[in-house]
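Below is one structure, written out as structure tokens; comments come after it.
The values are calculated or read from the model by the stated rules, or taken from the named source; none is laboratory data. Remember, it's a predicted structure, so these values are computed and weren't measured experimentally. Cβ: placed from backbone, ideal geometry, glycine included. Neighbour counts: every protein chain shown. The area values use the complete protein model at the heavy-atom level, side chains included, leaving out ligands, DNA and RNA. Shrake-Rupley method; radii C 1.70, N 1.55, O 1.52, S 1.80 Å.
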Amino acid sequence: MLEPQYEFDLDEALAKIRESLQGEDIEKFRSDFLDYHLYDQAQIYLALAPEERITMYNYLSANEMADMFEIIEEDVESIEAYLLEMNNQYAADMLANMYADNAVDMLKQLKDERIWLYLRLMPVESAKEIRALLNYKDETAGAIMTPEFVSIVANQTVRSAMAILKSKAPNAETIYYIYVVNVDNVLVGVISLRDLIVNDEDMMIGDIMSERIVSVNVNEGQEDVAHKIRDYDFLAVPVVDENNVLLGIITVDDIIDVIDEEAISDFSGLAGVDVEEQSENPFVAASKRLPWLITLLFLGMGTSTLISQYQGLISDASILSVFVTLITGTSGNAGTQSLAVAVRKIGMQDDEEKNLFRTILSELATGFISGLVTGVSIALVIGVWKQNFILGGIIGISMLVAITVANLAGSLIPVLMDRLGFDPAVASGPFISTFSDLTSVLIYFNIAKHFISTLM
């Protein structure tokens, strides 16, 4: 007989938990709450009122709270308000019971004085591990690694290695990979849990370990680490210093967070807005978007100024003004497409010179082909529509050149920004669109100028 599928109803769970909290029934609360999945516990916790959460802290140990609290970081804008609800010692103990990398992520959201307060209240060993991670530069391997891993030495048997694994497993973030080190803690090999299980207990670790180790430097960028884990399909990767001393590991769940952060950053850049913006207050939301919009407004005025320089041309052939937005809009769309492809390829770390050159040439060719097909199509449509194939030709040629230039800009600008050390996603869609407006207007009216006599 099939077991019933687990389904979570937040409203039902909240009613049950609130009943036990209001009735001060500790046993019922603990039985009900701890029976839920950690993710569901987090949803209940976030839905409770502050005074109800304060009661919870009296019913759950700091260790029990730590298991659940690690889940909520991704669901809230700031963790500080929740930590301030707790007794300082309770909050410090809870952070100390988390995996060190997760505790560091939370502490980095706090003011320095509160960070040091919690560190002083923690057990010495936990505080030492967290302090070490806090010193690493943001968005590096060191900043996202965890020191909770299992290591063994080569000159021991599988039997003794299994004993070490069993003793360290409860505090390790993952046990699927066991790292082999020498007396100086230098990484010399790696062995999987599967290899430990299937080999004879009297086999020596040195005989079955793999010496082909893929590791990352502690100062390596988190994006590079993400690409390495993706390329090798690892569940975790070891982090070493310049002397190959094993410092920690980075697990795939942390890399998923990194990939999510980078995707959000790219989307934000392409849109010119923080897509993680959580404020429902329209005034707050507008205040965050206005600086970029005002910047683009002034850049857009450049297009208006440029068009004003061709007032005489427009007066002589007013039909030209009808198709300005057609050309600027299409070239802007083409530039944004090219930008998205270029940012993606940079993100894939195809950063060798030949690859970048190939990307730019490819986008230039793509722009020319797209512009040619689009230009010919619009030339025929306008020629038939307005019964003026000279006008259609002007629009078609302008479309061809404008799209080609927009594609070139869309691929070249993020590459140049990446070379200069800036985030290529900052070359956002709105910026490329504004740039395309300027160039396409310039192209359109200069081509039209050569055919003005045939239009009059």
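Note on region 287-341: residues that are open to solvent by 60 Å² or more (accessible area, probe 1.4 Å) and β-branched (Val, Ile, Thr) amount to 5. Looking only at residues in region 309-329 that are among the small types (Gly, Ala, Ser) and under 23 Å from Phe435 (Cβ atoms), the one that is modelled with the lowest pLDDT is Ser321.
Among the candidates Asp138, Asp93, Asp105, the residue that is open to solvent by less than 60 Å² (accessible area, probe 1.4 Å), closer than 20 Å to Leu247 by Cα and either of a type in the set (D, E, K, R) or touching a Cys at 6+ places or on another chain (Cβ under 9 Å) (or both) is uniquely Asp105. The condition (being assigned to a loop (DSSP other than H, G, I, E, B), among the β-branched types (Val, Ile, Thr) and in contact with a strand residue (DSSP E or B) (Cβ under 6 Å, 6 or more places away or on another chain)) is satisfied by just one residue among Ile191, Ile213, Ile178, Ile249: Ile213.
Collect the residues in region 377-393 that are free of Cβ contacts under 8 Å to residues at least 60 places away in the same chain and either crowded, with 24+ Cβ neighbours inside 10 Å or over 25 Å from Ala340 (Cβ atoms) (or both), keeping them in residue-number order. Within region 377-393, Ala379, Leu380, Val381, Ile382, Gly383, Val384, Trp385, Gln387, Phe389, Gly392, Gly393 meet the criteria. Scanning region 42-79 for residues that are among the charged types (D, E, K, R), open to solvent by 50 Å² or more (accessible area, probe 1.4 Å) and touching a residue at least 24 places away in the same chain (Cβ under 8 Å) yields Asp67, Glu74, Asp75, Glu77.
Exactly one of (1) out of contact with any strand residue (DSSP E or B) (no Cβ under 6 Å at 6 or more places or on another chain); (2) of a type in the set (A, V, I, L, M, F, W, C); (3) crowded, with 18+ Cβ neighbours inside 10 Å is unmet by Ala132. Its number? Result: Ala132 fails condition (3) only.
The set of residues in region 363-375 being surrounded by fewer than 18 Cβ atoms within 10 Å (Cβ to Cβ) and touching a residue at least 40 places away in the same chain (Cβ under 8 Å) consists of Leu364 alone. When Ser304, Ser268, Ser279 are screened for being at pLDDT below 75 and part of a helix (DSSP H, G or I), only Ser268 passes. The residues of region 394-410 that are in contact with an Asp or Glu (Cβ under 8 Å, 6 or more places away or on another chain) and either open to solvent by 20 Å² or more (accessible area, probe 1.4 Å) or at pLDDT below 90 (or both), listed by number, are Leu408, Gly410.
State whether one or more residues within region 60-79 are more than 29 Å from Asp253 (Cβ to Cβ), modelled with pLDDT of 90 or more and of a type outside the set (D, E, K, R). Within region 60-79 (the criterion being more than 29 Å from Asp253 (Cβ to Cβ), modelled with pLDDT of 90 or more and of a type outside the set (D, E, K, R)), the answer is no, since none of the residues qualifies. Among residues of region 336-392 being β-branched (Val, Ile, Thr) and touching a Pro at 6+ places or on another chain (Cβ under 8 Å), the one that is modelled with the lowest pLDDT is Ile346.
Taking region 1-115 and the helices (runs of 4 or more DSSP H) fully enclosed by it, the elements with 1 or more residues that are within 29 Å of Glu129 (Cβ to Cβ) and touching a Ser or Thr at 6+ places or on another chain (Cβ under 7 Å) are at 88-96, 100-107.
The C-beta contact set for region 201-227 (first residue within 17 Å of Thr146 (Cα to Cα), second residue β-branched (Val, Ile, Thr) and not in a helix (DSSP H, G or I), distance under 6 angstrom, 6+ apart or interchain) comprises Ser215/Val240; Val216/Val237; Val216/Val239; Val218/Val239; Asn219/Thr140; Val225/Val216; Val225/Ile250.
Evaluated against (1) over 25 Å from Leu134 (Cα atoms); (2) open to solvent by less than 80 Å² (accessible area, probe 1.4 Å); (3) of a type outside the set (Ser, Thr, Tyr), Ala169 falls short on exactly one condition, (1). Does Val240 satisfy the condition of being aliphatic (A, V, I, L, M), in contact with a helix residue (DSSP H, G or I) (Cβ under 6 Å, 6 or more places away or on another chain), at pLDDT 90 or above and buried (at least 18 other Cβ atoms within 10 Å of the Cβ)? No: the conditions fail for Val240. Annotation note: of Val158, Val183, Val124, the sole residue that is buried (at least 16 other Cβ atoms within 10 Å of the Cβ) and more than 25 Å from the chain's Cα centre (by Cα) is Val158.
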